[in-house]
Amino acid sequence: MSQQNPGQPQWGPQQPQAYSQPYGPAPQQPKKSNTGKIVGLGCLGIIVLFIVIGIIASVAGGGDSKDETSKAGSSASDTKKADDKPQEKQKEEEKAPADSPVKIVATPTKFTPSILHDGGEYTSVKVTITNNSEKKIGVNPLYFAITDKSGSKHTAELAVDDNQMNTTDLAPGENMTGVITGKGKFTAAYVTYTDGLLGDSVKGDVK
């Protein structure tokens, strides 16, 4: 057996050394944060809120628009009624009151030229006026007017028809018949009599 020299180094098998990591321990993976999700949900909520507010405002605005349109239509209708009132009032004034003491009866008649006829065209109406009042009334051709079917009024023409209404006074209970003549050719609708030109008007339809 050989003996080892205590002064010689030992070259026997060596234990492997543990691998050292020159850069320190491996970095840990960062944890995922929920902050992004929260921010995203917050933005979405704001957008939805704005959309809801817009829908509510649109509905409210539509309702106001309809109300304004309704009010405008109502105002236009009221204006039209107001415009019609003067015409209706005028027609009512031309009509004889139900209890009028003066009665007018009018019928179409042939125009009979007088010696003063100038050759023009005229339309005559035969009129009977009756005084049922308690006082006398004045009768004069100028107190009469003829309104034709189109609504045009014709004042009485003097001395052109040979059967013209006379100028006189009618006592209570009296009546008179004569002709009232208007210039031109037309179809008479009614005759209006006004006592003294400034009194109440009485109308008689031409039948």
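The values are calculated or read from the model by the stated rules, or taken from the named source; none is laboratory data. All values reported here derive from a predicted model rather than from experimental measurement. Every residue, glycine as well, gets a Cβ built from its backbone with ideal geometry; the counts of neighbours run over all protein chains shown. With ligands, DNA and RNA removed, areas are computed over all heavy atoms of the protein, side chains included. Shrake-Rupley method; radii C 1.70, N 1.55, O 1.52, S 1.80 Å.
A compact table of results
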{"read-out": "Solvent-accessible area, 1.4 Å probe, carbon plus sulfur percent, for segment 136-207", "value": "44 percent"}
{"read-out": "Segment 119-184: trypsin sites (Lys or Arg not before Pro) in DSSP coil with no more than 12 other Cβ atoms inside 10 Å", "value": "K135, K149"}
{"read-out": "Cα-based Rg / Dmax (Å) for segment 110-207", "value": "13.2, 42"}
{"read-out": "Value of D in µm² per second that Stokes-Einstein yields for segment 120-162, Kirkwood Rh from Cα pairs, at 25 °C (0.890 mPa s)", "value": "196 µm²/s"}
{"read-out": "Charge tally in the Cβ shell below 14 Å around F111, where Lys, Arg are +1 and Asp, Glu are -1, F111 excluded", "value": "-1"}
{"read-out": "FRET efficiency estimate (nearest 0.05) - Cβ-Cβ, T155 to S133, R0 25 angstrom", "value": "0.50"}
{"read-out": "Protection proxy ranking of 154-164, 103-113 - average other beta-carbon atoms within 10 Å, highest first", "value": "154-164, 103-113"}
